[in-house]
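The values are calculated or read from the model by the stated rules, or taken from the named source; none is laboratory data. Worth saying up front: this structure is predicted, and the values here are computed from it rather than measured. Ideal geometry is used to build each Cβ from the backbone, glycine not excepted, and the neighbour counts take in all protein chains shown.
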Amino acid sequence: MPTAAPAPCACPALFITAPASGQGKTTIVAALARLHTRLGRRVRVFKSGPDFLDPQIHAVASGHDCYNIDLWMCGEADGAWRLAEAARAADLILVEGVMGLYDGEPSGAEIAARFGLPILAVINGASMSSTFGAIAYGLKYYREGTQLVGALANRVAGERHAELLRAGLPADIAWYGSLARDADGALPERHLGLLPAAEIAELDARLDRLADLLAPTEAASLPPALDFSRIADAKPPRIEPLLAGRTIAVARDAAFCFLYPANLDCLRALGAELVFFSALAGDDLPECDAVWLPGGYPELHGERLSAQTALWQALAAHVDSGKPLLAECGGMMCLFDGITDKAGQRHALAGLLAGEIIMQQRLAALGMCSVTLGEGELRGHSFHYSRAETSLAPCARALRADGRPGEAIYRRQRLTASYMHFYFPSNPTAAAQLFLPPAAPETCR
């Protein structure tokens, strides 16, 4: 009996890139997602590289979680099955790049090529005319085989300006339209990037305004369907329910808002029940078997966090009883004796780790990293503007993607703390072990 042909797996898709950071990629991707969603289309958005903030905007714009795609931190197989799932469920897939098209290792160009994604270039058209076409041409032909199919102009002064930009495009690069300068639709930023979605005033109104501006342009039309059959058989990895029957309390509010949706999915696939609480709201620590304090902006909420003595006492009792606690970046910062913010104000905090956190104006660390613990190897990244002044000896140290030493990992019983943000799907078994009770061999007292 002949084998049935595989179900078709085709969906319009675009990889949105730029010549550099600051060109407006996130704004355009969010505007496109909101525009096509309003047109009744199912839109799935992905973000290349490690990022917590842009995906929050895209989730609001599209109405669906935005997942990360990266060939090193997440892995090609992880990206393949997520794209294949999206192609079966969506009418449009948008993937936002990071920095410029050829920046980074792997670059956006390599990610697009690996998955066969056609590329749309977002170019800041301010203060130029024909040079717009030269930049688009250079992006397309800098490296042989780059599938750059179109260009969209951002921050355009008016219709005449848009006409001049369009006229400069080579014939083999399609014009996708333009977005005018618009202060009312701009997305506000701070030191780690865009503001978290929950903090942006009238975000939905801003997204609708941006979508209105793009609605009359060529960007409102769907690009040609892309055949994803090459990765159509990619399946999620089989995950054993190692955390079945266990409850993990997860801090989630403006101070702890850096959570990959894929990490939450991974914990649920491992069988864990997740309960969320807000430190800023003064919530009690929920009844739980383990706690996760993700990253965020504790430095902006030092006074309110300093007042949460009941929570810090509960976390100390939790750790002293031998229960697991994972604290990443901002979560770790809260466990030290205190934090001094950029204004020089010190705030006393949990005191579970000896030492002080000092905010600084300069970036302290940025980049991919991996670490091998007793639980196994996990990949992730770090991005912070603070430093830890501590006498604690690290039980391990992460390695950057290029092999250089990276972030320290601290341990106290089953407390694991680091500036490193872990990507749990990079090793679900190791991630599960971080939330299980057996005492770890490493300790940092």
- Message: Going residue by residue through segment 305-322, is there one that turns out to be under 20 Å from the mean Cα position of the chain (by Cα) and either over 23 Å from A198 (Cα atoms) or in the same structural domain as L415 (by TED's automatic domain parsing) (or both)?
- Response: no
- Message: Condition check: surrounded by 21 or more Cβ atoms within 10 Å (Cβ to Cβ), assigned by TED's automatic domain parsing to the domain that holds L335, touching a residue at least 40 places away in the same chain (Cβ under 8 Å) and touching a strand residue (DSSP E or B) at 6+ places or on another chain (Cβ under 8 Å). Does A417 satisfy that?
- Response: yes
- Given (1) crowded, with 17+ Cβ neighbours inside 10 Å; (2) out of contact with any His (no Cβ under 7 Å at 6 or more places or on another chain); (3) within 15 Å of L349 (Cβ to Cβ), number of the condition T309 does not satisfy: (1)
- Scanning segment 248-286 for residues that are of a type in the set (A, V, I, L, M) and assigned to a helix (DSSP H, G or I), which turns out nearest to the chain's Cα centre (by Cα)? A262
- Message: I'd like to check something: does segment 100-107 contain any residue that is under 14 Å from the mean Cα position of the chain (by Cα) and not assigned by TED's automatic domain parsing to the domain that holds H384?
- Response: no
- Note on the structure: Counting only residues that are surrounded by 24 or more Cβ atoms within 10 Å (Cβ to Cβ) and in contact with a strand residue (DSSP E or B) (Cβ under 6 Å, 6 or more places away or on another chain), segment 55-67 contains a total of 4
- Message: I'd like the full set of residues that are over 14 Å from A86 (Cβ atoms) and free of Cβ contacts under 8 Å to residues at least 60 places away in the same chain, limited to segment 38-48.
- Response: G40
- The condition from (1) in contact with a Ser or Thr (Cβ under 7 Å, 6 or more places away or on another chain); (2) closer than 19 Å to L366 by Cβ that A33 misses is numbered (2)
- Please work out which one of (1) surrounded by 22 or more Cβ atoms within 10 Å (Cβ to Cβ); (2) within 24 Å of the chain's Cα centre (by Cα) is the condition G376 fails and give its number. (1)
- Message: Considering only segment 5-14, I want to know if a residue exists there that is under 27 Å from G177 (Cα atoms), modelled with pLDDT under 95 and outside any loop (DSSP other than H, G, I, E, B).
- Response: yes
- Task: Please tell me if V45 is part of a strand (DSSP E or B) and buried (at least 23 other Cβ atoms within 10 Å of the Cβ).
- Result: yes
- Scope segment 61-108; condition assigned to a loop (DSSP other than H, G, I, E, B) and closer than 30 Å to E202 by Cα; matching residues: G63, H64, D65, C66, A90, D91, G97, V98, M99, G100
- Task: Spot the failing condition for L139; the list is (1) surrounded by fewer than 16 Cβ atoms within 10 Å (Cβ to Cβ); (2) under 15 Å from I173 (Cα atoms), and only one is missed.
- Result: (1)
- Give the residue that is farthest from L305 (Cα to Cα), with candidates limited to residues of segment 243-279 that are surrounded by fewer than 17 Cβ atoms within 10 Å (Cβ to Cβ) and aliphatic (A, V, I, L, M). A244
- Query: Quick check, is L349 of a type in the set (A, V, I, L, M, F, W, C) and either surrounded by fewer than 17 Cβ atoms within 10 Å (Cβ to Cβ) or in contact (Cβ under 8 Å) with a residue 60 or more places away in the chain (or both)?
  - Reply: no
